[in-house]
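Participant: I am attaching a structure below and will ask some questions about it afterwards.
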Amino acid sequence: MHPFPQSVIPAVYSHLNAQVAFLNELPLAVSRSFQQACWLNIQLGQTLIEEAFLVGLSMVPTKRVTATLSVAASRTQPTAEKPRADQQCLSQPTADAQVDLGDTVSARLLELFMAGRTNSYGSI
């Protein structure tokens, strides 16, 4: 019925369980990282839209072209600093995501390796 001898079946079963656990956990870690990156991009987009709206509101009441240009120029520097600050905020979650993926992969690969060694040698 089984292509393996009865003595090998528990080892094969444990190795397959380790593989399935790895294949289940890896997409979850990738999904968490992707979800966090999407959320941060949404926040960045909202910030940029708010800044553009505030610049537009401050330009509306001006009657002269020079006043409009001076308002726009005065808001350029603070608006340009926002993406830099947001980029710095994105770097920490990106590093955390890399660490999370690395931890997931290393833990599960170690488990797979140990299951493989157990299968090959009977026990460690």
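The values are calculated or read from the model by the stated rules, or taken from the named source; none is laboratory data. Just so it is clear, the model here is predicted, and its values are computed rather than measured. Glycine gets a Cβ as well: all are built from the backbone with ideal geometry, and neighbour counts include every protein chain shown.
Participant: Restricting attention to the range 87-124, and to residues there that are β-branched (Val, Ile, Thr) and more than 12 Å from residue 33 (Cβ to Cβ), which single residue is modelled with the highest pLDDT?
Facilitator: 105
Participant: When the range 37-80 is examined, which residues are found to be at pLDDT 85 or above and in contact with a Pro (Cβ under 7 Å, 6 or more places away or on another chain)?
Facilitator: none
Participant: Can you name every residue in the range 49-67 that is aliphatic (A, V, I, L, M), loosely packed, with under 14 Cβ neighbours inside 10 Å and part of a helix (DSSP H, G or I)?
Facilitator: Selection gives 49, 52, 54, 57, 65, 67.
Participant: Determine, yes or no, whether residue 24 is modelled with pLDDT of 80 or more, in a helix (DSSP H, G or I) and farther than 25 Å from residue 110 by Cα. Spell out the reasoning first.
Facilitator: Working: modelled with pLDDT of 80 or more: yes; in a helix (DSSP H, G or I): yes; farther than 25 Å from residue 110 by Cα: no.
For residue 24, the condition - modelled with pLDDT of 80 or more, in a helix (DSSP H, G or I) and farther than 25 Å from residue 110 by Cα - is not met.
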